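Only one structure is covered here, and it is reproduced in the block below.
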Amino acid sequence: MHSAISFSLCAAAIALTTVAAQSPAALASSSPPTQVIEGIPAVNPVNQPWIWPLPQNWERGSNTVKVSKSIRFEGKGARQPIVSKAIKRYQKDLFYKKEDYPMIPYNWSTTDNKPSRSSLSTVVIDIKSTDDHLDMDTDESYTLTVPVDGKATLQAETIYGVLHGLETLSQLVQYFPERRSYYIPNAPWKISDFPKYKHRGILLDTSRHYYRVQEIEKIIDTLSWNKLNVFHWHMLDSTSFPYVSEKYPELAAKGAYTPRHVYTAKDIKHIVQFAKERGVRVIPEMEAPGHSTAWGYGIPEIASCLNAQPYFGYTVQPPAGQLNIAHPKTKEVVYGLIDEWAELFPDSFFHAAGDEVVMKCWENDTYITNHLQQTNQTLMQLFEEFVLDMEDHVRQKNKTVMVWQEMLLEYHFNLPKDTVIQVWIGSEGVKE
């Protein structure tokens, strides 16, 4: 892991591609009984709507619609399991804490004193596909319509577009303190939205700084509120090995900070499902062969320069330790962990890291130098062989391999064309 992004939370610096907008037809709506609200101003003096991120396309009017606290969600789409769970959350989020923490100032509208009509009590949800598969190419577009009279409609290609639409709806609802009620200003609304980038994520390092499952849940919730869709989980690094492997439990038993600072298979399955229900993919990163000190506490023979002192020249940051790329036990352990993670993390992407190795660590390992003499290899050839074999094992699990930029730009390895390179050292790396 990189000193340049050693903070606990880091924005992933990769934006892979864009998706196309969708234009589903509007649903017919019936009008509920109207409610006249005298004197509630409705014109928002701000040029752009108070929606984050700003939608791709939006239209608004100059009326105010009161929102019923017993708002209902109807339609076949509302009965989909992930959507129905989201509705329960948003029935609270539409109103929760807006009295104390308004999204916009209380003077959100200032000029229009025309009476407002109607009360929004129903949202009709229409989904074209009920497939809950979530991946890079999942369609996340949606259209949200909030009329002055009638039912609001939320249309999407997939359930994940619906999740974004529910978030947008929750942001439209504002608290009016003088009447102690909730309103949507600037109705009617018509919003058509889709994400500009398919990969929108945050990287979290839980090796250097352990996060409890409940804390990771809060981070994933925050991702969904901002319509981000990737939780890049950098679980392993030099300082600790928190993953409780079924095949190699000694790695966590001796490599974790304490027996409490670990993630079990049950924890991971829970986090992956928790994230999926919020439209967030979980991409695991297996840091190897660099930054691997903690592996050696449990299985010493797979580590080189373990805790070498002084560490200068052996690692970019302490403690020193890399995987022993010549020892057959190393590949056995790495492949075993890949097999376990391929089952625990269903996403089609798998991050195989490969950054910031220090050659001096291996040059001073007699096991490696003897192996190089016996096989008539250079150290870089052995390094490339280890990396490509590891990545091939990942591909055998039907995963797309991601690596850090050093694999291509610094080590110049002959990576397969389907490898995804993640840049972390500035925009020049993207150009290269």
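The values are calculated or read from the model by the stated rules, or taken from the named source; none is laboratory data. Treat the numbers as computed from the prediction; the structure is a model and nothing was measured. Virtual Cβ from ideal backbone geometry, glycine too; neighbours counted across all protein chains shown. Accessible surface is based on the protein model in full, side chains and every heavy atom, while ligands, DNA and RNA are left aside. Shrake-Rupley method; radii C 1.70, N 1.55, O 1.52, S 1.80 Å.
For this structure, a couple of remarks:
One line per residue, one yes/no per condition, for (1) free of Cβ contacts under 8 Å to residues at least 24 places away in the same chain; (2) in contact with a strand residue (DSSP E or B) (Cβ under 8 Å, 6 or more places away or on another chain); (3) not in a loop (DSSP other than H, G, I, E, B):
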residue	(1), (2), (3)
Trp233	no, yes, yes
Ser238	no, yes, no
Phe241	no, no, no
Tyr248	no, no, no
Ala252	no, yes, yes
Tyr257	no, no, no
Asp267	no, no, yes
Ala275	no, yes, yes
His291	no, yes, no
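- Residue in the range 114-136 that is out of contact with any strand residue (DSSP E or B) (no Cβ under 8 Å at 6 or more places or on another chain) and crowded, with 22+ Cβ neighbours inside 10 Å present: no
- Qualifying residue in the range 90-97 (condition: aromatic (Phe, Trp, Tyr), open to solvent by 40 Å² or more (accessible area, probe 1.4 Å), at pLDDT below 80 and part of a loop (DSSP other than H, G, I, E, B)): yes
- Considering the range 144-159, and only residues there that are open to solvent by 10 Å² or more (accessible area, probe 1.4 Å) and not charged (D, E, K, R), the residue that is farthest from Leu172 (Cα to Cα) turns out to be Thr158.
- Single condition Ser170 does not satisfy, out of (1) out of contact with any strand residue (DSSP E or B) (no Cβ under 8 Å at 6 or more places or on another chain); (2) over 23 Å from Lys66 (Cβ atoms); (3) buried (at least 19 other Cβ atoms within 10 Å of the Cβ): (2)
- Residue match in the range 216-229 (condition: in contact with a strand residue (DSSP E or B) (Cβ under 7 Å, 6 or more places away or on another chain) and open to solvent by 40 Å² or more (accessible area, probe 1.4 Å)): yes
- Check on Leu203, part of a strand (DSSP E or B) and surrounded by 20 or more Cβ atoms within 10 Å (Cβ to Cβ): yes
- Applying the criterion of being modelled with pLDDT of 95 or more and among the charged types (D, E, K, R) to the residues of the range 180-195, the residue that is surrounded by the fewest Cβ atoms within 10 Å (Cβ to Cβ) is Lys190.
- Among residues that are assigned to a strand (DSSP E or B) and within 20 Å of Gln56 (Cβ to Cβ), Ser192 is included.
- Selection of the range 391-404 for residues being in a loop (DSSP other than H, G, I, E, B) and either modelled with pLDDT under 95 or open to solvent by 30 Å² or more (accessible area, probe 1.4 Å) (or both) yields Gln396, Lys397, Asn398.
- Where Arg212 falls short, out of the listed (1) without any contact (Cβ under 8 Å) to a residue 12 or more places away in the chain; (2) touching a Pro at 6+ places or on another chain (Cβ under 9 Å): (2)
- Yes/no for Arg72 being open to solvent by 70 Å² or more (accessible area, probe 1.4 Å) and either closer than 30 Å to Asp131 by Cβ or modelled with pLDDT under 90 (or both): yes
- Residues in the range 271-280 include none that are out of contact with any Ser or Thr (no Cβ under 6 Å at 6 or more places or on another chain), surrounded by fewer than 18 Cβ atoms within 10 Å (Cβ to Cβ) and acidic (Asp, Glu).
- Subset of the range 221-231 (residues that are among the hydrophobic types (A, V, I, L, M, F, W, C) and assigned to a loop (DSSP other than H, G, I, E, B)): Leu228
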